[in-house]
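Working notes, structure below.
Just so it is clear, none of the values below were taken in a lab; they were calculated from the coordinates. Keep in mind it's a predicted model, so treat the numbers as computed, not measured. Virtual Cβ from ideal backbone geometry, glycine too; neighbours counted across all protein chains shown.
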Amino acid sequence: MKKLIGIALLVLSTLLLAVPVMAPTGEIAIDVKPLSCPNAINPNSMGNTPVAIKTTDSFDASTVDPVTVGFLGASPLRWAMEDYDSDGDLDMVLYFVTQECDWSAYATRGNHFMAGCLVGETWGGAIFWGSSSVKITKALNG
Ligand SMILES: [Ca+2]
Ligand SMILES: [Ca+2]
């Protein structure tokens, strides 16, 4: 019986210790096509779509684990820390191959707006997400 209580206490203390490691989740600010508005996208383009993760009072973009980030189902080709909005803090700008992004559910016609959703994790395991409007300029070919 004493042994069981000991094991129970051990399990309990392990759980309590694990709590601070469990990171919070939250919505963050992103900017599709940084500094450009509206965020016009031709889903048939051979190029890349840049998306900035902004550093704000409540989120530090340097805590982002870039390989966990997905934008409309695509993984980033490359990324860089830069102060793209010139507000004095470093943001993360990620580049996605436009044709790897899943526009198919939305791009049945040209010239309309949809939500560009980004998800990812910090190095500490906190899940975050962000969304920005995107203007689809052309219907998706094929
Ligand atoms: Ca933009
Ligand atoms: Ca900045």
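Some notes on this structure:
- Number of Lys pairs (Cα under 26 Å; 8 or more positions apart or on different chains) in the chain: 4
- Computed from point charges on the beta carbon alone (+1 for Lys and Arg, -1 for Asp and Glu), the dipole magnitude for segment 54-142 about its Cα centre is near 700 Debye.
- For segment 80-136, average projected area of the Cα convex hull in nm²: 5.4
- Value at 222 nm in deg cm²/dmol, rounded to 500, when DSSP H runs of n ≥ 4 in the chain each add -39,500 (n - 2.57): -4000 deg cm²/dmol
- Sequence-separation-based contact order of the chain, relative, with Cα cut under 8 Å and 6+ spacing, percent: 30
- Sequence-distant residues sharing a close amide H with Gly116 (under 5 Å, placed H): Ser132, Ser133, Val134
- Projecting the alpha carbon convex hull of segment 47-142 along each direction and taking the average yields 6.5 nm².
- For segment 22-99, the fraction of alpha-carbon pairs lying more than 16 Å apart is 51 percent, rounded to a whole number.
- Per-residue packing, averaged as other Cβ atoms within 10 Å, sorts the ranges 49-61, 126-138 into the order 49-61, 126-138, beginning with the highest.
- Between 0 and 90 degrees, the angle of helix 2-18 with respect to the longest Cα principal axis of the chain falls at about 30 degrees.
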